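Report on the structure given below.
The values are calculated or read from the model by the stated rules, or taken from the named source; none is laboratory data. Values in this document were obtained by computation on a predicted structure and should not be read as measured data. Here Cβ is always computed from backbone atoms with ideal geometry, including for glycine, and neighbour counts include all displayed protein chains. Calculation scope for accessible area: heavy atoms of the full protein, side chains included, ligands and nucleic acids excluded. Shrake-Rupley method; radii C 1.70, N 1.55, O 1.52, S 1.80 Å.
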Amino acid sequence: MHELTEAERVNRQEERKQTLQQMFTSDPHRPRYHFLPPSAWMNDPNGLIYWKGYYHLFYQYAPNDPPWERKHWGHAASTDLVHWIDLPFALAPTPGGPDQDGCFSGCAVNHNGVPTLIYTGVRGDQQLPCLATSPDDLITWKKYPGNPVIATPPQDLDLLAFRDHTLWKEGTTWYQLVGAGIKGVGGTVLLFRSPNLLEWEYMYPLYTGDRNRSEPAWTGSMWECPDFFPLGDKSVLVVSVYDDVRFHKKAYKGSLHYAVAFVADYTDRTFTPLTQSIIDYGGYFYAPQTMLDPKGRRLQWGWLWEGRSDEAQWTAGWSGVMSLPRVLSLSGDNMVRFEPAPELKQLRGTHLLMEDVSILPTSLTQLREIQGDCLEIQAKFILDEATEVGIGVRCAPDGAEQTLIRYDRLQGRLLIDRQRSSLSGDVERDIRSGPLTLAAGEALFLHIFLDRSVIEVFANYRLCMSSRVYPSRTDSLGVGFITRGGSSRIKKLDVWEMRPIISSL
Ligand code: DQQ
């Protein structure tokens, strides 16, 4: 076969886009109000920044045909955090350059009025920080000819990996953390400083984990995607935990990979953690990054990966969803709290409100008034004598398919039970859980976003669980309730049908 000319290549891409557009219209699992790229593979959010009236969301993107390997930076912008405009990709690997095999994750800053990215350039086994600037308000990017801006990882450490970046400024000095892992010790973040973002001096590991601790305190062998930011009167370091021994290519699944937040005192470039917690216990939320917006809010997005086989993803023509934006705050006990951005309310359509609903300990009771696969649900439960309460979503009328979001009061855990989420054998179906202890007299408040194959749960705004489900039946649309060990009540229930956001192809 002859090499494709540029015109043939563009033509072929256009045809492929049209085919995909038709497929996506009838794809029952493709989310309708979460951000997704036009097609193909997406992973980490990158370079989040507010610039001249727009929220800019860059993301790891493999726009070509499967196996979706060479990472680009995709780009979208929004004025309201809900509707996104797809923009041309921001970075692509440069043949022969230090990023010829991939433009991996990184961040964006405003450097004296110049939008500037630091990202990981990949060439063979080498992964090093590279810089790019935009002359036109973030639409096109020029790579610094002297890339990489750090020529080698620190030589005095026996490192497993060295990639991904977070930047901040103190006075006139820029600081950078690079994600890494010290062999036999654990994940670490390496501190560098620079007067100009181009010349960097290595300082020391700002903080290092211990790979030998067990879950949920386990923090793995290597830390990806560090994010370091002030929150309240503390500083927060978020890292994505990765393990070399247990890691293999298809292992971005399950509890082996999660993001951890350390809330800390940070003074004189010394980091003293006060608390450590897992950001999302659902098993699908990874590589989060935050940005500060003009309202002073700390907003976070994460990558929600798929819970089905590579083949199923390739057949679908897309993989990976961006989480909804979460607003972060700090609780009195130095834990991070998460709430969905209030801007999402504009997507609410038909509304069902019910008060003082009694739930009896029978089988799943489904609502007759509302159903759907794109819903927002808020439920305030009074447990009374029940030991367990829960909400079922994506339920078939006969219950053959159902996904349960259950609270087990005796264990003090919230569970997403996907054992019957699909009749298809080709998808992940298990139970994931996270800790949630209610104080005496505290109600259970579940705020759930269902978007076809995506479920994001905020429990009392202090525990998040995100999951993926792929029901096979077109009538798996029901919403229901369960209670066990005794009856319970829902003091207030709100359910909204959610409108789609239209993303161009
Ligand atoms: N994915 C990126 C890396 C990062 C990992 C490559 C986390 O930069 O370490 O797409 O998902």
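Observations on the structure shown:
- Relative to the longest principal axis of the Cα atoms of the chain, the long axis of helix 6-25 makes an angle of roughly 20 degrees.
- Beyond 19 Å in Cα-Cα separation lie the following of the pairs LYS52/LYS295; LYS71/LYS142; LYS71/LYS169; LYS71/LYS143; LYS295/LYS380: LYS71/LYS169; LYS295/LYS380.
- With a cut-off of 10 Å between beta carbons, the residues surrounding PHE285 carry a summed charge of -1, where Lys and Arg count +1 and Asp and Glu -1.
- If R0 equals 22 Å, the separation of the Cβ atoms of THR270 and ASP233 corresponds to a calculated FRET efficiency of about 0.85.
- Neighbourhood charge, 11 Å Cβ-Cβ cut-off, centred on LEU353 and excluding it, Lys, Arg +1 and Asp, Glu -1: -2
- GLN411-ILE139 pseudo-label distance in nm [points 7 Å out on the Cα-to-Cβ vector]: 5.3
- The chain, accessible surface, carbon-and-sulfur percent (1.4 angstrom probe): 50
- A cut-off under 11 angstrom between Cβ atoms defines the neighbours of MET23, and their net charge, with Lys, Arg +1 and Asp, Glu -1, is +2.
- One chain, two ends: ARG16 and SER329. Fully extended at 0.36 nm per residue, the span grows by 108.4 nm beyond their Cα-Cα distance.
- Here each label is just a point 7 Å from Cα along the line to Cβ, and for ALA439 and ASP475 those points are 4.6 nm apart.
- The modelled label-to-label distance for the pair SER363/LYS345, using points 7 Å beyond Cα in the direction of Cβ, is 3.9 nm.
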